[in-house]
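The values are calculated or read from the model by the stated rules, or taken from the named source; none is laboratory data. What you see is a predicted model; the values in this text were computed from it and never measured. Here the Cβ is made from the backbone with ideal geometry for all residues, glycine too, and neighbour counts use every protein chain on show. These accessible areas exclude ligands, DNA and RNA; they are computed on the full protein's heavy atoms, side chains included. Shrake-Rupley method; radii C 1.70, N 1.55, O 1.52, S 1.80 Å.
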Amino acid sequence: MWFSFWRSRDRFSLEELRYLTDQLQKIQIVNEVNKDFVIEALRSISELITYGDQHDASFFEFFMEKQIMGEFVRILKISRAATVSLQLLQTMSIIIQNLKSEHAIYYLFSTEHMNKLITYAFDFRNDELLSYYISFLRAISGKLNKNTISLLVKTQNDKVVSFPMYVEAIQFAFHEENMIRTAVRALTLNVYHVGDDYVNRFITSPPHADYFSNLVTFFRKQCIDLNDLVTETMRSAEPSTSTILAAVDEIEDNLYYISDVISAGIPDVGRLITDNILRHLIFPLLLPSLRIEVVNGFQIGAVTSLYLLCCILRIVKIKDLANTISAAFFCPLDAFSPQPEEGLNGNMTRLCCESRSQSSGSDGIVRQPLDAESLIKEVSDSSAPKTELKDVTVKNGCPGSRLELRGALLSHITTGDDVQVLGALSVLATLLQTKGQISAAIQLPSVHFSVLITPPKFSVELDESMLDALGILPQRKQHKKLLLEALVGEDSGEEQLFSSDNTSVKGGIDIELDGYLQKLKDYGISYFLKAGASPRAHRFEVLDALVSLFCRSNISAEILWDGGWLLRQLLPYSEAEFNSHHLKLLKDSYKYWATELLQEARGIWSDFLIILLSDEWKKCKRAIEAPSPRKEPKSMLLHSAKASAVDAVPPESSFAAGQKMSELVKVFVLLHQLQSFSLGKALSDQPCIDPPSEIPDCSRAKVAGLDASGPKPGAELRLDGAVPCRIAFERGKERHFFFLGTAIGTCGWIILAEELPSKLNCGIVRVAAPLAGSNPRIDEKHSRWLHLRIRPSTLPFLDPTKHGTPLKSKAKPFVDGRWILAFQDEDTCKVAFSMVLEEINLQSKEVERRLKPLVGLERAVDSADAFLCSTKSLTSNTAPNLM
């Protein structure tokens with residue numbers, strides 16, 4: 001009969017649909033003989049139903065009349081071939097996705113056959129079959145609304161007692177295959193956003209509510225896996241960031257999904273997720289990791305913990321979550337000391353629904369049990385011993401060793417390495433970018449006044465009173481707060497608003513913070529507040545840490561810029577917040593780096609110093625005045641790999657000297673700009689650098705006929721003052737040239753030219769190399785030989801298109817060239833040597849002259865000693881390593 005399938009017939013006709021249906025009804029068992037026909041018939045039916053939905057309603061009327069859905073279920077039961085099951089699931093997915101008629105959707109969902117297909121015991125040992133099944137469920141969820149969802153549930157006494165599509169789907173929510181997890185998440189969100197009260201009560205009732213707890217279980221496991229990857233990368237000789245980036249994407253995708261679940265507005269889900277994140281992730285795992293030392297061998301890295309805190313606060317925008325985490329920073333570290341326990345936790349059971357194992361007729365096909373328990377076991381094994389929050393009672397006046405978590409965070413800034421500093425700054429920046437608004441409507445006799453502050457792009461649901469208590473409320477928001485307090489008649493606000501010392505609330509901790517501190521007791525966490533604790537005191541502690549950071553020379557400039565952004569946010573106007581000690585430290589630090597900068601005027605890359613200064617000036621100004629930090633939190637995880645790639649550069653190469661100069665310039669520019677805005681001065685768009693001076697007519701460059709564009713190969717020049725020499729660029733091929741060293745302003749070259757026989761005392765430029773960094777040296781054994789170092793003509797990292805970057809390409813290390821010039825006699829060699837030194841000196845003096853108004857040359861004589869002396873007074877170990 002299946003051979004007649006291929007007879008000539010109008011493919012898209014009701015007759016074709018009738019024929020296919022009749023043939024399927026005649027099949028009693030699907031075997032190898034008729035399997036291909038069944039598959040093709042199922043595929044064709046999906047095309048015909050889709051066509052009929054758009055062109056002819058009689059197609060779907062026939063579909064209902066013949067109860068073809070029932071035929072699909074029957075075919076599934078009489079078939080053992082996985083290919084038939086695959087095609088049937090695909091057929092149903094295509095039909096559901098393409099149907100536009102509401103009447104047709106209502107019919108499909110209202111028949112008992114739909115739930116029979118959903119609950120059929122497919123053999124999910126076939127991965128492809130599982131993918132098709134999940135796609136089928138997702139197609140159904142795409143058609144859900146308040147009218148259609150009721151067709152897929154079973155109710156009893158106005159209560160949903162069964163929802164097969166949702167229950168079956170969430171069994172695969174934590175499958176090892178990412179595509180399956182993604183599809184299940186999309187399905188659940190489609191269910192949640194319907195907003196049906198009866199369904200919402202069903203999914204938030206036991207055991208289905210365990211799904212939300214298991215989200216945190218799964219996320220916790222991902223956090224531990226991420227930490228393992230970061231640790232392995234830090235220890236690797238050749239670090240790779242690809243695996244970390246993939247893990248970071250997974251982490252952030254999970255958090256965005258959690259955020260989407262919360263935004264669906266299902267009652268109690270936000271509270272349930274908040275409680276689980278705090279109880280099973282934040283308190284026992286992340287916050288204890290902020291301590292520097294490892295406790296009982298159980299610890300994820302501080303860097304991973306700082307990154308995860310940033311992500312959770314940025315993405316999961318729950319007000320109670322953000323405020324509770326912020327309040328926890330006032331608790332002692334001992335309150336989060338990890339202690340062994342037998343299980344991961346008492347509330348995190350296996351995944352939401354126990355898997356079924358059932359037979360269907362005599363086919364022996366069973367639904368495979370899911371790995372809910374194995375997920376819990378895997379998390380348990382990978383993080384043992386487990387933690388339970390330790391109830392610590394601490395009173396005021398406790399020993400100084402009981403460091404607050406907030407103090408531990410600041411200690412990362414003052415004593416941590418690059419990555420720890422970046423992590424701590426990222427947490428403070430994330431908290432500072434609060435979405436909370438200082439908003440008040442104040443009724444005066446004839447005035448209605450309102451003040452709002454627009455939130456940044458990425459914002460945290462955090463009360464600004466919490467920011468104030470932490471000491472990081474931005475200055476502009478403090479002014480708004482004091483203004484509102486003054487307008488409503490609060491004496492303290494009016495007094496501070498119009499006083500010269502209007503920096504912060506001088507009183508104690510805000511009542512809002514006290515409320516969240518009391519909530520911490522529900523989690524077994526006690527807290528203490530130091531005597532005299534106030535927003536003002538905490539604000540000065542933050543300023544102390546930031547100023548100490550700017551006095552450290554072992555922190556990369558890029559990270560110092562991030563600290564500059566944070567300081568700029570806290571103090572956007574003037575020096576009012578700084579005490580004399582802060583100002584002295586910043587000034588001494590600036591003088592030290594100014595002296596270091598001037599030394600670069602005689603360095604290997606002096607010809608690029610002013611160019612680099614101008615470029616970094618604009619970049620730094622944009623960075624510290626930006627509304628948000630330049631880097632995302634994940635940059636802290638990649639910083640170690642980047643640093644390892646940079647460390648691979650030979651320290652004696654000119655490239656290493658260029659990197660050192662670049663770092664120095666960035667630090668100097670930052671400190672210069674911090675000096676300016678701390679003194680209430682506006683930042684200029686360009687650094688204050690003198691213009692180029694006139695080139696004397698008697699200079700070697702002028703005499704040779706060169707201009708500021710420099711020598712070009714093949715160009716003609718005069719050879720007055722040039723010295724004849726020999727050099728071999730290839731073994732056994734010695735060539736004769738005239739050697740000339742020249743400087744024009746801040747630029748300079750060493751030139752090899754061939755004499756023109758036709759023109760007296762003229763030559764053609766054959767080779768030119770940078771004068772700066774040439775490091776001339778007469779050979780100790782051969783007094784007629786002059787050694788010159790030939791560095792690249794440009795800084796490689798200024799032109800990454802040509803040289804690539806250390807992380808993106810495994811380029812060969814930069815190697816400096818060497819010239820050995822042979823002269824006629826010892827005196828001629830000395831003349832050439834002196835010529836190079838003279839021109840280098842002229843070049844360096846021009847660089848110094850142009851930099852003088854920027855660095856204050858006459859005031860930077862004894863800066864290094866002043867800097868060392870001043871930093872000794874810091875309470876933390878922040879003295880720079882000047883070696």
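Using per-residue counts of other Cβ atoms within 10 Å, averaged over each peptide, order 702-709, 58-65 from highest down. Working shown, then result.
Details: 702-709: 15.5, 58-65: 17.0.
Descending mean neighbour count gives 58-65, 702-709.
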Review point. Expressed as a whole percentage, what fraction of the accessible surface of region 213-274 belongs to carbon and sulfur atoms when a 1.4 Å probe is rolled over the protein heavy atoms?
Key: 49
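At a threshold of 8 angstrom on Cα-Cα distance, excluding pairs fewer than six apart, so keeping six or more, what relative contact order does region 76-156 reach in percent? The partial results should precede the final answer.
Details: 43 pairs, mean separation 34.5, N = 81.
After rounding, I find 43 percent.
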Review point. What residues of region 599-638 lie in the reach of a label at Asn775, counting those whose backbone N is under 19 Å from a point 7 Å from the Cα along Cα→Cβ?
Key: 599-609
Review point. Where Rh is the Kirkwood radius over the Cα pairs of region 701-797, the temperature 25 °C and the viscosity 0.890 mPa s, what D in µm²/s does Stokes-Einstein return?
Key: 171
Review point. Tell me, what does the Kirkwood hydrodynamic radius of region 54-204 come to in angstroms if you use every pair of distinct C-alpha atoms?
Key: 16.1
Practice item. Normalise the Cα radius of gyration of region 173-215 by 2.2 N^0.38 Å (N = residues in it) and let me know the number. Key: 1.22
Check your understanding: More than 22 Å apart: what percent of Cα pairs in region 205-323 qualify?
Key -> 36
Check your understanding: Mind listing the phi-derived Karplus ³J(HN,Hα) values for region 782-796, rounded to whole Hz, using 6.51, -1.76 and 1.60 with θ = phi - 60°, and x for any glycine or proline?
Key -> 10, 5, 9, 9, 10, 9, 10, 8, 10, 8, x, 6, 8, 5, x
Exercise for review: Mind scanning Lys619/Lys845; Lys591/Lys845; Lys116/Lys221; Lys666/Lys702 and naming the pairs with a C-alpha gap bigger than 30 Å?
Suggested key: Lys116/Lys221; Lys666/Lys702
Revision key, fill the gap. Here the averaged projected area of region 192-247, based on the convex hull of its alpha-carbon atoms and given in nm², is 5.0
Practice item. For a quick protection proxy, order the peptides 243-250, 270-277 by their average other-Cβ count within 10 Å, most packed first. Key: 270-277, 243-250
Review point. How would you rank 20-33, 660-673, 107-120, 183-196, highest first, on the average number of other Cβ atoms within 10 Å across their residues?
Key: 660-673, 183-196, 107-120, 20-33
Practice item. Would you kindly calculate the translational diffusion coefficient of region 637-741, applying Stokes-Einstein with the Kirkwood radius from alpha carbon pairs, for 25 °C and a viscosity of 0.890 mPa s, and quote it in µm² s⁻¹ without decimals? Key: 126
Revision key, fill the gap. Each label sits 7 Å from Cα toward the beta-carbon; between Ala728 and Asp268 the label points are separated, in nm, by 9.0
Revision key, fill the gap. The answer for Phe124, listing residues at least 5 apart or on another chain whose modeled amide H is closer than 5 Å to its amide H, is Gln368
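Compute the Rg/Rh shape ratio of region 1-109: radius of gyration over Kirkwood radius, all on alpha-carbon atoms. Write down the numbers at each step before the final one.
Working: Rg = 13.2 Å, Rh = 14.1 Å.
Using only Cα positions, Rg/Rh for region 1-109 is 0.94.
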